[in-house]
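Worksheet for the structure shown next.
Laboratory data are not the source of any read-out in this text; all were calculated from the coordinates shown. Remember, it's a predicted structure, so these values are computed and weren't measured experimentally. Here the Cβ positions follow ideal geometry from the backbone for every residue, glycine too, while neighbour counts run over all protein chains shown.
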Amino acid sequence: MADNHLPSYTDLLIIGAGPAGLMAACWAAQFDMQTRIIDQKPGRTPTGHADGLQSRTLEILDSFGVVDPILRKSVRHAEMAFWAMNERTGCIERRKRTKSVRGSAVFDQRLLNQGDTEQVFLDYLGGKRGKVEYGTRAIKLMVSEADSERDHPVAVEVVPDRTDGSEIIRARYLIACDGARGWTRNQLEVPVDKNQGQSTWAVFDIVPITDFPDIRQSCAISSGDRGSLMTAPRENRLVRFYIHPKGDKELCNDHSARAEQSQSLEELVKTAESLMAPYSLTYKHCDWFSLYTIRQQLVHQLRPHDRVFLAGDAAHTHSPKAGQGMNVSMQDTYNLVWKLEMVITGAANQSILETYESERRPVADELLQLDGELVGAYEQDDGASKGIENVRDRYSEFISGLGVTYGPDALVADRSAEGRAENIRVGRRLDPFYVINHAEGVSMSLGSRLVSDGSWRLLVFAGDIRDAGRRRRLDSFAQEVRDYPCLAHLVEKRHGTRTGWLLEAILVYAGPRAATELLGLPDLFHPFDDTWGWDYTRVFTDEGPYEPGCRGVYDGYGIDRDTGCVVLCRPDQHVAWVGGLDEVAELESYFSAFMKHTSSD
Ligand SMILES: Cc1cc2nc3c(=O)[nH]c(=O)nc-3n(C[C@H](O)[C@H](O)[C@H](O)COP(=O)(O)OP(=O)(O)OC[C@H]3O[C@@H](n4cnc5c(N)ncnc54)[C@H](O)[C@@H]3O)c2cc1C
């Protein structure tokens, strides 16, 4: 390793600024830690590539406050149409239309080119600390076991395009978001399970001129022996086409296909037209096209070394059929970075990092299972499109990302919400139900209050606190939280290495606003700051009225107004623990198992 310069040091190094790396960088920018993100490309993905943004991904982007530009530019994916060949007429015909998202979501699925999604992250980073170091390639990796290098054991040699020579970056932790070719994975010789089968699909984004009636919907078109076609409506009148003609040797052979790539678009559009017969298809404008080789692969370890994590395509690749590529990649690093921050800043034990593997591996496994079944359904489809629809139905919660459930593990308690909140699942994100802010009278989804700023949230459902018994129970809950050392430490606002709250207590009572005075409630729910005064964002009532179609949280989550309950959400909004207002000791034990708390910070 070249060592002609002194190394530079950072807490976190991210290699790769695709969707996984950019999500990691944005999360890291929330925190008081040093982060660098490098990418060998000269700039962001210009256009094309992945384009499906699932409901959960949009919720996450909303929690960073960056979803609006995406909603403005993207196209809503509301319906999916299934077309198949009528063997008698030799023409395709529509068999069915289905809703694209099922489940309880604030956002439905959206379609937008990957470059515009990356831009949203770049704009966000531009306004905060940190920028992507484009044109910087990692060429050598060493992870030292030496005691003298224990603090920054990861050493990466990088070559910036703009200067001669190289730089050594020493990092405490490395997140490899370096894509399907997996530079870091190869350096560490991490074994990869590969599915033997691989196929090459043509993908192009054009403004189609066609008489096909469902061109502004997502379609799965099965053209019998000729092959299959998928379409998706996109921004600016574009439509994404994926084609996989059966028996097209050139297309199925990656190498010859790539050699022909520059001349093949005209022919690919003609092939697509033949798969859509009797409809016509021509174009004048093409935004992007590519031949995309699909390999199903999954690494053996998502954390091949204590200090190195693999995320996104570097860890798993699959076909684009379920629109998962960008989504699962971003969700990998969304799961990881807040945990790394807690370890790097000394708030938590290293042991919590094991949950990256235990939480994201089942997701990667299910992703590959879904993909295998979907690819099989497309290839064996008998024309009735039943196979594809069945697979999409069975995996609908997984595809939208809303059904991902973690644990039990060190960060997800091994307890059920049964008997307390029938419709909450420990380990899963909360469905969107509504509350009214006590001070402002404004209604909002409770989930949207759980912004991604690194705080844990303790949601206290105290029932109707006009009742003296319930009010006493709430007061004693708040007092106990202040009395237990770990909890007391967590609910104090901190300054210095980590600003803000580690744990924000939020009260949701049931009953009329007029009967409750904010400042009469325990100050846990309206902390005071010399400069900023009282916090008015922590007390809510369940008492509507709400917009049509919106339900209050007590009914929505199935919480009994007498018993009430406490729901703890992690910084990534997944429910970590559910218990009663009288179970503060259990809550203390939950945190004490992994927090490095001290009574003074
Ligand atoms: C040609 C192509 C077409 C695709 N088409 C589709 C599609 O149609 N639909 C779909 O769903 N998905 C598609 N994908 C996949 C989709 O883009 C990925 O699933 C998604 O981008 C994964 O994000 P990521 O951040 O994990 O990896 P990537 O987006 O691949 O980002 C990895 C980054 O790491 C950088 N990098 C790699 N090695 C180094 C190194 N040594 N030093 C510095 N930087 C490095 C790369 O330059 C790259 O920017 C396509 C991918 C490709 C390559």
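With only Cα atoms counted, the range 502-601 has Rg and Dmax values of 15.7, 48 Å. Summarising the amide proton neighbourhood of Asn86: residues at separation of 5 or more, or on other chains, whose placed amide H is nearer than 5 Å comprise Cys91, Ile92, Glu93. In the frame of its principal axes, the range 428-593 has Cα extents of 44, 35, 31 Å, reported largest first. Radius of gyration (Cα atoms) of the range 86-210, expressed as a multiple of 2.2 N^0.38 Å: 1.67. Fully extending the segment from Val442 to Asp32 would add 144.4 nm, taking 0.36 nm per residue of separation and subtracting the current Cα-Cα distance. Reported to the nearest whole Å, the Cα centre-to-centre distance from the range 550-567 to the range 13-33 is 36.
Ellipsoid semi-axes for the chain, based on the Cα gyration tensor and the rule √(5λ), read 44, 32, 20 Å when sorted largest first.
Between Arg429 and Val575, the built amide H atoms are under 5 Å apart, and every one of these is 5 or more places off in sequence or on another chain. If both residues of a DSSP beta bridge must be in the chain, then about 70% of such bridges are antiparallel.
Sorting the segments 582-591, 209-218 by their residues' average number of neighbouring beta-carbon atoms within 10 angstrom, most packed first, yields 582-591, 209-218.
Rounded to the nearest Å, what's the spacing between the alpha carbon centres of the range 98-166 and the range 332-380? Just the number, please. Using only Cα atoms, the two centres lie 17 Å from each other. Secondary-structure-derived ellipticity at 222 nm for the chain, considering helices only, amounts to -8500 deg cm²/dmol, per-run term -39500 (n - 2.57) for DSSP H runs with n ≥ 4. Among Ile388, Ile14, the ranking by other beta carbons within 10 Å of each residue's beta carbon, starting with the fewest, stands as Ile388, Ile14.
One decimal place: the segment Glu266-Leu6 gains 88.3 nm when fully extended, by the rule 0.36 nm per residue minus the C-alpha distance. Each of Thr317, Thr136 was scored by other Cβ atoms within 10 Å of its Cβ. Arranged with the fewest first, they read Thr136, Thr317.
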